[in-house]
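Structure first, then comments.
The values are calculated or read from the model by the stated rules, or taken from the named source; none is laboratory data. Predicted, not measured: the structure shown is a model, and the values here were computed from it. With ideal geometry, Cβ positions are generated from the backbone for all residues, glycine too; neighbour counts draw on all protein chains shown. Only protein heavy atoms, including side chains, enter the accessible area calculation; ligands, DNA and RNA are left aside. Shrake-Rupley method; radii C 1.70, N 1.55, O 1.52, S 1.80 Å.
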Amino acid sequence: MATKAYTLPTDIPTETVTNIRSLLRIVSLALISAAAISSRLFAVVNFESIIHEFDPWFNYRATRLLAAKGFYAFWNWFDPTAWYPLGRVVGGTIYPGLMATSGVIYNVLHALNLPVDIRNICVLLAPGFSALTAWSTYMFTKELKDESAGLLAAAFIGIVPGYISRSVAGSYDNEAIAIFLLMFTFFCWIKALKLGSAFFGTLAALFYFYMVAAWGGYAFITNMIPLHALTLILMGRFSSRLYVAYSSWYAIGTLASMQVPFVGFQPVRTSEHMAALGVFGLLQIIAFSELVRSHVSSKQFQTLLYASVIGMGVLGFSGIVGLTYKGWIAPWTGRFYSLWDTGYAKKYIPIIASVSEHQPTAWPSFFMDLHILIFLFPAGVVMCFSKLRDEHIFVILYSVVASYFAGVMVRLMLTLTPVVCVSAAVALSSLLDTYIDPTEPVLEEGESAESEATPQDPTKKVKKTTPPSNSGSFGEYLARFTGNTDKPRGIFGVSNRLIVLFNTFGMLVFFVIHCTWVTSNAYSSPSVVLASTGADGNAHIIDDFREAYYWLRQNTPEDTVVMSWWDYGYQIAGMANRTTLVDNNTWNNTHIATVGKAMSSPEEVAYPILRKHDVDYVLIIFGGLIGYSGDDINKFLWMVRIAQGVWPDEIQEPNYFTKTGEYRVDDRASETMKNSLMYKMSYYRFNELFGGQQAVDRVRGQQMPKEGPVLDYIEEAFTSENWIVRIYQVRKEDLLGRDLKVANAFEQGRKRKKTKPPVRRRALA
Amino acid sequence: MFFKRVVALLGLVLAACARSSTGDSVLVVLDSSLDKEAYSVFWDGLVDKGYSLTFRSHKDARPAVVEDEVAQFNHVVVFAPDSKNLPQDLTPQSLVALLDKGTNLLLALSSKKQTTINTLASEFSLVLPPPGTPLISHFPARDTPATVVPVPPPHAHPVLTAGLPPVWFSGVPFAYTPNPLLLPLLNAPAEAFAADTTSDAGADAVVEAADRAGEGLWAGSSLALAAGFQATTGARATFVGGVEMFSNEFAQKELPQGKLSGNKQFAQDVASWSFQESNALRIDKVKHHRVNETEPRETYTINDNVVFTMHVSKFNSNKDTWEPYSGIQDMQLEFTMLDPHIRTALSPVPGQPGEYSVTFRVPDRHGVFKFIVDHKRKGWTHLQSTTVVPVVPPQHDEYPRFLSAAWPYYIGAMSTSVGFVLFSALWLAGDDREGKKKGIKTE
């Protein structure tokens, strides 16, 4: 009998222990949910209950329409105020899951006579769903290891910044509900696989459908599950459980996903979905061959069978390839290629590369977003190898794939975060299991200590970290790993245990502090409202965006067309309620390039473009006065690049640099740069602000030329308090049919050059 | 036919008391060197039509043309060829601003000096020769100086009375630069030219000067003597090369052939066009709806058949009313999203005066379309109308429910359903002993 490092009370009945454990679990989960929700409320506390950033504004606008006019109106919604004059078929080009969710919540609350404003539902949806995410992560991890690991994982995902960054209150985006659906679908899949249950397979399919309806990232599930299934087949782990789980998931999930208008026939028409179809076909072939094999004994026949199975597989694969060549199946999209070749987007599709969240991840952001979890994560993956049940293979695959994607694109950090939490929780809970376990190793020669060191001990269940029979201690993992099982391993004494536990506890405390700090400082800014801290420590709110958008709303006719770079399209539509040319739904590259061309061309070239598109106002963001670095001059090169992609003869990026290849806005800026509409609009009358002194652009840190730009075809209509938003009105054609430059010169009383009569008059001689 | 109608209308204009479509107050700014009575024929003609004239010397500041940003007169006549500068409210900038406010202008250029009106002309795409070079013609032989020229008016002109006898002209010619807003009213005779001397001795100097300036000789029938200009606001401005055209002397002067000159009538024609009395059109109403419906829709669906109707009126100055006008044969309607997707004739509806209508099928393309009528004809008010209407794809319940092409899928779905039911029935009704196999199978 092994000795104990410390004694545990033995007189508590098993039933009481079980009850207390489940009670503690429920209480823990409730507390985790509370922590998850409340840490996301920083944004509301620090600022106000407002929709954040860009995309959420569109979602919010769509939700308002859904709440006001009902689902069918939403489904058929054609938005004539977006992408003017092309318009946007909104119902068929969005993932309606988020809006539908809010709509349902809104209607339920109103049916219960709780008149909650739709805005508050939208603002608080993400925190609410984060609690559900914590729960589904708990369920998922429980399948991997045990409840204690599950609770740890739930606590991690509840407060980890990598997930909070996309789910603070007000961040009303698809990701807000998608991560919950992702984890729950995976949980259902693992459960279905474990049990061979068509019920859980169907459940997985239904949540998959919800996911498809909610987020474009559903393709991750569409490829993860087939990858898992394929790996299992290749590992020789084909079973009827796999067959049932996969077939029920695929058949129902695919049919369901095709009901989403935006997805339509994509599951059978695009390459991204072909893996799932291929694995489905492969499974059918293998299942059939298994069936035949179980009925036929002849060896030759089996050989023949294998040959035919491989032949059919090859045939199917070449069929898919052939269809792709014929154009029946759409090839990979550019966004997909950019996942494999990080330079691809910059070369061929600047519009994708121009989005900051599509940039490769910087290493520090892994630590910033995941803190200690990023160190625990590999340990957890290694531990999965030691068990290597079907679900562990899933976690390993998920880790590998998501790690890669997270390294390629910042925004895919979000898909990595859950698996990091799960793995880290597995690692940490194994550590805790090992060090809390009071059993001391037996120092007897010739006996494997481990086999007895970890039997279930009913007496130590006061702790919630009981290892179930199928999970081993940390020592056992090590032993298996080194292949050396005959030496006794374990921990002696209480102090050793306390040191490690105390350290672990300390790490967790730092983790919590870090999460709180990051959440409150980095991820809770609505970006619609900016905050700066003055020299005396007082917070100063910069509210230029809303000031300008409300100016538009109050001072312009309702059918006014406002041109801006696409980043601000959703906000203009959402806050100013005016028509925009391009917005954050970047579906039409040419249209965006048109705006880019107008911005990067001289006034007289831009003017016909503006008139053709009925533009009344042009809105730009200028940070040069207060040092707001996310302004349009800093984004300007992307406009140039995108325009160059469509009009390579007219717009050339090198022209916007100085001769020495610098990007400057001061005296040395190139002529093309100085003549571009964007430059002129940004620095128009900027000099006057400095009262004769040298004007300085605080973002670029450059001194501006003495002579400011002159505008002839547009005129300044509004400039916000801190000059962040500047709005210009496009002038109408001159009433005498003159060029506006000439008309302006006339208005200012400048003498006109004497016009010569038309050339057909020839000199007598 | 069109021509006849114009003739008939203009005949009516002369016959009765009439006034302009935009109002009847006229401010006349006269050079103090000009005798008001020397132009009484022209003034009387205007007063007879119903205009109320207010005279003001070019030096006076009152009555002001604009007060509190509101134009006080509907029409302004500036006959000030001898004054280089005009008061503050009649600078070139203020005159253009007046046009913007919808006030019509009738301006006389100076042949002797570089007046502000002369500089203003260049803003209207008119080019003047150097100062002091009046129009000269030695033909036809006559007893007047060479600078007083009888000019035959154009034959068919939308503004001038048909069959008008030649008019006397004395003043400066000018050249047009291409501008669609210009309306040539009177061009110089082919044998006329602009020069600063009438004597034969100076001919060499003229040739030399023409050579030097690189402009060639100012000569020929493309020189303008009177030109109208219709601003995009619809306001009209007329430039006349010499104020004498409107004088009593020229109006009563006999032509070399012995007939009475056409000056009186010409002056009235020019004034009635300038004051938006003749050739004034307007769009009364624009309607669009689907075929077999009467009310317009907020949005149209692709491939809808749509009726577009427009009502046009023409001002009848005799009755001082707007009357339905069906005389436009070449009007077009465009259905535009960035580019015109449809461009079709918008023809008058027989039996419905003033109504123009067309039925067409909306293109198979969704987006924000505009019904655009942009009818611009020289001498006529521009008719412009833009109606924005979104064209949307069919609603979810507007697609056909059953397609004959989809029968294979219908059969597939039905056969699968039937198969499933049969299979279930056979399975459930099958032997009990089979149940064990099922258990093995799912393991």
Before anything else, pin down the relative contact order of the stretch A:120-228: Cα pairs under 8 Å, at least 6 apart, normalised by residue count, whole percent. 27 percent
So if I take the centroid of the Cα atoms in the stretch A:186-219 and the same for the stretch B:129-184, what is the distance between those two points in Å? 88 Å
For the stretch A:175-185, in residue order, the Karplus 3J(HN,Hα) values (coefficients 6.51, -1.76, 1.60; θ = phi - 60°; whole Hz; Gly and Pro = x) are 4, 4, 9, 5, 5, 4, 5, 4, 5, 6, 4
Taking a probe of 1.4 Å and leaving out DNA, RNA and ligands, the protein assembly as shown shows per residue an accessible area in Å² of 45 Å²
Expressed as a whole number, the average count of other chain Cβ atoms within 10 Å around the Cβ atoms of A:727-740 is 4
Once amide H atoms are built 1.01 Å from N in the peptide plane, which residues 5 or more positions from A:Glu716, or in another chain, come under 5 Å H to H? A:Gln729
Please compute the net charge surrounding A:Gln703, taking Lys and Arg as +1 and Asp and Glu as -1 over other residues with Cβ under 9 Å from its Cβ. -3
Residue by residue through A:77-86, how many Cβ atoms from other chains fall within 10 Å of the Cβ on average? 5
Output the 0 to 90 degree angle, nearest 10, between the alpha-carbon long axis of helix A:55-69 and the longest principal axis computed from the alpha carbons of chain A. 90 degrees
Kindly report, to the nearest 10 Å², the accessible surface of A:Asp667 as traced by a 1.4 Å probe over protein heavy atoms only. 100 Å²
Roughly how many whole Å is it from the C-alpha centroid of the stretch A:44-68 to that of the stretch A:541-572? 15 Å
With the full set of protein chains in place, find how many percent of the accessible area of the stretch A:176-332 is carbon and sulfur; take the probe as 1.4 Å. 74 percent
Helix axis angle, A:14-39 relative to chain A longest principal axis, alpha carbon, degrees: 10 degrees
Please report the antiparallel percentage of the DSSP beta bridges confined to the stretch A:544-747, to the nearest 5. 75 percent
Rank A:Met312, A:Met639, A:Met258 by accessible area, highest first, at a 1.4 Å probe radius? A:Met312, A:Met258, A:Met639
Normalised contact order of chain B, rounded percent, pairs of Cα under 8 Å and 6 or more residues apart: 13 percent
I need the phi-derived Karplus couplings for the stretch A:74-83: 6.51 cos²θ - 1.76 cosθ + 1.60, θ = phi - 60°, integer Hz, Gly and Pro marked x. 5, 4, 8, 5, 10, 9, x, 8, 9, 6
Cα centroid separation, the stretch B:53-105 to the stretch A:674-716 (Å): 38 Å
Which sequence of A:Glu688, A:Glu272 reflects their accessible areas, 1.4 Å probe, from the largest down? A:Glu688, A:Glu272
Overall Cα dimensions of chain B, principal axis frame, Å, largest first: 133, 53, 46
Would you work out what percent of the accessible area of the stretch A:544-747, with all protein chains in place, is carbon or sulfur (probe 1.4 Å)? 45 percent
Relative contact order for chain A: what percent, with Cα pairs under 8 Å and sequence separation of 6 or more? 13 percent
Is the shape of the stretch A:176-332 rounded, prolate or oblate, going by the alpha carbon gyration tensor and its root eigenvalues a ≥ b ≥ c, with a/c under 1.5 for rounded and a/b larger than b/c for prolate? oblate
Give me the net charge for the shell around A:Phe199: Cβ to Cβ below 15 angstrom, other residues only, Lys and Arg +1, Asp and Glu -1. +3
Given H placed 1.01 Å from N in the peptide plane, which residues other than close sequence neighbours of B:Ala108 have an amide H under 5 Å from its amide H? B:Val78, B:Ala80, B:Val240
With the cut-off at 1.5 for a/c, could you classify the stretch A:285-377 from its C-alpha gyration tensor as rounded, prolate or oblate? oblate
In the protein assembly as shown, if every C-alpha pair distance is counted and binned at 20 Å from zero, what percent goes to each bin? 9, 28, 28, 18, 11, 6, 1, 0
Per GNM of chain B with C-alpha springs under 10 angstrom, the most fluctuating residue out of B:Ala188, B:Ala406, B:Ala205 is B:Ala406
Antiparallel bridges, percent of DSSP beta bridges restricted to the protein assembly as shown (to nearest 5): 75 percent
Ranking by accessible area, most exposed first, for A:Lys732, A:Lys674, A:Lys347 with a 1.4 Å probe: A:Lys347, A:Lys732, A:Lys674
Amide H to amide H, which residues 5 or more places from A:Val725 or on other chains are under 5 Å from it, using H placed in the peptide plane? A:Phe622, A:Ser720
Within the accessible area of the stretch B:105-213, what % is carbon and sulfur when the probe is 1.4 Å and the other protein chains stay in place? 60 percent
Chain pair A, B: how much accessible area is buried, both chains summed, with a 1.4 Å probe, in Å² to 100? 3500 Å²
Per the rule of 0.36 nm per residue minus the C-alpha distance, extending A:Val116 to A:Arg664 adds in nm 192.2 nm
Tabulate in residue order the Karplus-calculated ³J(HN,Hα) for the stretch B:253-260, using 6.51 cos²θ - 1.76 cosθ + 1.60 with θ = phi - 60°, rounded to whole Hz; enter x for Gly and Pro. 7, 8, 7, x, 6, x, 7, 6
Relative to the isolated chain, which residues of the stretch B:335-352 have their accessible area cut by 50 Å² or more in the presence of all protein chains (1.4 Å probe, heavy atoms, no ligands or nucleic acids)? B:Leu338
Between B:Arg377 and A:Ala362, how many nm apart are label points set 7 Å from Cα along the C-beta direction? 6.8 nm
